[in-house]
Amino acid sequence: MGMVGGGIGAFIGNVHRMAARLDGEIELVCGAFSSDPEKSKRSGAELGLPPERVYGSYAEMIEKEKQLPEDQRMHFVSIVTPNHVHFGPARMALENGFHVVCDKPLAFDLEEARILERLVEETGLLFALTHNYTGYPMVKQARAMIRDGMLGDIRKVVVEYPQGWLSARIEATGQKQAAWRTDPDKAGMAGAMGDIGTHAENLAEYITGLKIAELCADLTTFVEGRLLDDDGNVLLRFDNGAKGILHASQICAGEENDLNIRVYGTRGGLHWRQQEPNSLVVKWLDKPMQVYRTGAGSLAPEAQAHTRIPAGHPEGYLEAFANIYRNFAICLRAHLEGTTPDPLYTDFPTVSDGVRGMLFIQKVVESSRKGAVWVKV
């Protein structure tokens, strides 16, 4: 793995590195860790990389790695930069024959996202998007139960992602993570909806197997002086006729990362919360409530395959993140060897999921700007 971004002081870069290392499938061999070449060098030294494999820019990294013998060069690029620096390195990596793992959202806008999707189709290279919440075993259990018809026909989906960390204008204090996420030149056209609303959208479509067909959105910027939305409420219509509600907010004072989803069918409903990720609550129309637990009882093969330790030993955010990287590594090894990977491990978000996310952002903003009208997705 070569990494773009994630240098000294970065948050998500270290999360990616921990997730990639967890299963011993991936080794970090090079990086361009900052737009500041000196900071990139210091970051590489802290990570124990040889100086000649630490680069001053992503372009230099991709060009020089391509010149190395095949058994020495990186196999793929992991992009962990702010939104406006996703497209450039992803495009260059694909054009030069390197596979890609990219943080979400996929790109700065929908046009960039569609260019990347076309490149992946043309090159046949692997592309993973780190919508890491899909890596939780109980999320995969919920998906399997709905796919197998256990809940009946899906009628209602309620997905929420409340946070409280942007309840005050901390971007004005120099808080780095807040600064770029609230800057339209770096984050794109949406704030909370682009940052966490896309996680909620992706989770709803992943678990249910449905697609959002229409939406009606109301975005608000509550904190005075902020340039992007910090709260949003969206009504959803799915392609099977189901209705839904999506709420994403970063001004819910006191909330941490309470991503949660409820799905209701004709036979029963389920509820999953990211802050209690090892439990999946299932409520039936005509029998007692059940609680499914990670590693315990008879679970779907997908849930079992993405559980590492015995029941009662909590697995959480890093393990779910690592499931994305492990699955990507297994598929990449099969790609390099010309073999077929086990279907249980081909499940990770793709460039097409990223395009769905960018389309969602665009349509949410369009709907809200037009006065919360219904728009087709």
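No lab work stands behind these numbers, since they all come straight from the coordinates. Computed from a predicted structure; not experimentally measured. Every residue, glycine among them, receives a Cβ derived from its backbone with ideal geometry; neighbour counts consider all protein chains shown.
Rounded if a/c is under 1.5, else prolate if a/b is larger than b/c, else oblate: which is the chain, with a ≥ b ≥ c the root eigenvalues of its Cα gyration tensor?
oblate
If you average the alpha carbon positions of region 143-169 and of region 277-354, how far apart do those two centres end up, in angstrom?
For region 143-169 versus region 277-354, the Cα centre distance is 17 Å.
When the chain is modelled as a GNM with alpha-carbon springs shorter than 10 Å, which of ALA300, ALA204, ALA142 fluctuates the most?
Greatest mean-square fluctuation among the candidates belongs to ALA300.
What distance in nm lies between label points placed 7 Å from Cα along the C-beta direction at LEU235 and SER298?
According to this spin-label approximation, the distance is 4.2 nm.
Got a sec? Charge dipole of region 200-239, +1 on Cβ for Lys and Arg, -1 for Asp and Glu; which of LEU210, LEU227, ALA200 is way out at the positive end?
Farthest along the dipole direction, towards plus: LEU210.
Please list, in order along region 271-284, the HN-Hα scalar couplings obtained from phi with the Karplus expression 6.51 cos²θ - 1.76 cosθ + 1.60 (θ = phi - 60°), rounded to whole Hz, x for Gly and Pro.
Each residue's phi maps through the Karplus curve to give 9, 10, 10, 5, 7, 9, x, 8, 10, 10, 8, 10, 10, 9 Hz.
Only helical DSSP H runs with n ≥ 4 go in: add -39500 (n - 2.57) per run for the chain, normalise by residue count and round the 222 nm mean residue ellipticity to 500 deg cm²/dmol.
About -10500 deg cm²/dmol.
Regarding region 197-274, what is the average projected area of its C-alpha convex hull, in nm²?
It is 5.8 nm².
Taking the simple approach of a point 7 Å from Cα along Cα-to-Cβ for both TRP284 and ALA144, what is their distance in nm?
Between TRP284 and ALA144, the label points sit 1.8 nm apart.
Rounded to the nearest 20 Debye, what is the dipole magnitude of the chain about its Cα centre when Lys and Arg each give +1 and Asp and Glu each give -1 at the C-beta?
Using Cβ point charges on Lys, Arg, Asp and Glu, the chain gives about 800 debye.
Gain in length, LYS156 to GLN275, computed as 0.36 nm per residue apart minus the alpha-carbon separation, to one decimal in nm?
40.6 nm
Largest first, please: the extent of the C-alpha atoms of region 2-129 along each principal axis, to the nearest Å.
The principal-axis extents, from largest down, are 36, 32, 30 Å.
In region 10-43, which residues have a backbone nitrogen under 13 Å from the label point lying 7 Å from LEU68's Cα in the Cα-to-Cβ direction?
Residues 27-32 qualify, since their backbone N sits under 13 Å from the label point.
In square nanometres, what is the average projected area of the Cα convex hull of region 4-76?
Hull-based average projected area comes out at 4.7 nm².
Sorted by mean Cβ packing within 10 Å, highest first, what order do the peptides 2-8, 271-277 take?
So the peptides 2-8, 271-277, ranked by packing, come out 2-8, 271-277.
Pick from GLY149, GLY24, GLY124: which residue has the top mean-square fluctuation in a GNM of the chain where Cα pairs under 10 Å get a spring?
GLY24
Taking a 18 Å limit on the Cα-Cα distance, which of the listed pairs LYS39/LYS176; LYS156/LYS211; LYS41/LYS64; LYS104/LYS370 fall beyond it?
The answer is LYS104/LYS370.
Can you give the FRET efficiency for ARG169 and VAL373, using 1/(1 + (r/R0)^6), R0 = 41 Å, r = Cβ-Cβ distance, to the nearest 0.05?
E between ARG169 and VAL373, to the nearest 0.05, is 0.85.
Among 46-57, 111-122, 348-359, how do they line up from the highest to the lowest mean number of other beta-carbon atoms within 10 Å?
Descending mean neighbour count gives 348-359, 111-122, 46-57.
For SER78, what residues show an amide H to amide H distance below 5 Å, using hydrogens built from the backbone and excluding near sequence neighbours?
The list, which skips near neighbours in sequence, is GLY2, MET3, VAL4, VAL101.
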